[in-house]
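> To start, I am sharing the structure in question, which I have written as structure tokens.
The values are calculated or read from the model by the stated rules, or taken from the named source; none is laboratory data. Quick caveat: nothing in here was measured; it's all calculated off a predicted structure. Because the Cβ atoms are built from the backbone with ideal geometry, glycine has one as well, and the counts that use them run over all protein chains shown. Only protein heavy atoms, including side chains, enter the accessible area calculation; ligands, DNA and RNA are left aside. Shrake-Rupley method; radii C 1.70, N 1.55, O 1.52, S 1.80 Å.
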Amino acid sequence: AQSVTQPDIHITVSEGASLELRCNYSYGATPYLFWYVQSPGQGLQLLLKYFSGDTLVQGIKGFEAEFKRSQSSFNLRKPSVHWSDAAEYFCAVGNSGGYQKVTFGTGTKLQVIP
Amino acid sequence: GAVVSQHPSRVICKSGTSVKIECRSLDFQATTMFWYRQFPKQSLMLMATSNEGSKATYEQGVEKDKFLINHASLTLSTLTVTSAHPEDSSFYICSAPYRGDIQYFGAGTRLSVL
């Protein structure tokens, strides 16, 4: 069965600092990997996805993520965090092919301080 | 991009009443939609897969008679929480796959049962 682990429940960074959110996955084949962001009381917005090809994926809002098969990781990064980035971030894995069932990690809540 | 609309965004009801939540794909057809539930400070848990024209597929532990799903058209799936009780209070989110590989999410419905 597919699973996702986000080891950090809560992270606090200063505005302008760099950010890395960790994600480890478990999946038997080549995974479909996603990062979603959820603002308070809101639905989920897709930041970026990885299906195949270049292992460094660029997303919206200046985010990027790197797929590392050897480490079963898909960490999310941003070089300079803005106060508006404060939200909850979910890493997710989907089964390849067809309509996907997506399994989410438990989320990392990002707090940005001035 | 693809848009998924979910209505209502918030509902408060008395214990014992039923509540219907609608999920619509606005600019694409979705023969499959997914319903998730999110408890406070937790991740999204898949409840069921809604299939247009056929019965929904429920995840283990989800009561079929409690959470009725109807996928009546290619753009609409409904989730009815029957005889709601306070423990059903939660954040419910639907999603629909666009072009088979990316889930687009509704904004969610916050259900509060008094």
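> Roughly how big is the protein assembly as shown's charge dipole about its Cα centre, with Cβ charges of +1 (Lys, Arg) and -1 (Asp, Glu), in debye to the nearest 20?
That gives a dipole near 200 debye.
> Report the net charge of residues surrounding A:Gly59, where surrounding means a beta-carbon distance below 11 angstrom and charges are Lys +1, Arg +1, Asp -1, Glu -1. Don't jump to the answer; show the numbers that get you there.
Working: positive: A:Lys49, A:Lys61, A:Arg77, A:Lys78; negative: A:Glu64.
It works out to a net charge of +3.
> Whole-Hz Karplus ³J(HN,Hα) for the range B:86-93, in order, using 6.51 cos²θ - 1.76 cosθ + 1.60 and θ = phi - 60°, x for Gly and Pro?
Computed from phi, the couplings for the range B:86-93 are x, 5, 7, 4, 5, 10, 10, 10 Hz.
> Now for a different question. Magnitude of the Cβ-charge dipole of chain B, K/R +1 and D/E -1, about the Cα centre, nearest 20 debye?
It comes to approximately 240 debye.
> Could you state how much accessible area is buried at the A-B interface, both sides summed, with a 1.4 Å probe, in Å² to the nearest 100?
1600
> Let me ask something else. Which cysteines does the protein assembly as shown leave without a neighbouring Cys Cβ under 4.7 Å?
Singleton cysteines: B:Cys13.
> What residues of the range B:1-23 lie in the reach of a label at B:Ser73, counting those whose backbone N is under 17 Å from a point 7 Å from the Cα along Cα→Cβ?
Residues B:3-8, B:21-23 fall inside that zone.
> Please compute the contact order of chain B in relative form: average sequence separation of alpha-carbon pairs under 8 Å and at least six residues apart, divided by the residue count, as a percent. Before the final figure, lay out the partial values.
Numbers: 291 pairs, mean separation 41.8, N = 114.
Relative contact order for chain B comes out at 37 percent.
> Moving on to the next point. Just tell me which lysines come within less than 19 Å, Cα to Cα, of B:Lys55; anything on the same chain fewer than 8 places away is out.
A:Lys101, B:Lys20, B:Lys64, B:Lys66
> Here's a follow-up. Report the antiparallel proportion of the DSSP beta bridges in chain A as a percent, rounded to a multiple of 5.
85
> Among B:Cys23, B:Gln60, B:Trp35, whose Cα lies farthest out toward the positive end of the dipole of the range B:18-60, if unit charges sit on the beta carbon of Lys, Arg (+1) and Asp, Glu (-1)?
Most positive-ward Cα: B:Gln60.
> I've got another one for you. In the neighborhood of B:Ala107, defined by Cβ-to-Cβ distances under 13 Å, what is the net charge if each Lys or Arg adds +1 and each Asp or Glu adds -1?
Taking every other residue near B:Ala107 into account, the sum is +2.
> At a threshold of 8 angstrom on Cα-Cα distance, excluding pairs fewer than six apart, so keeping six or more, what relative contact order does chain A reach in percent?
37
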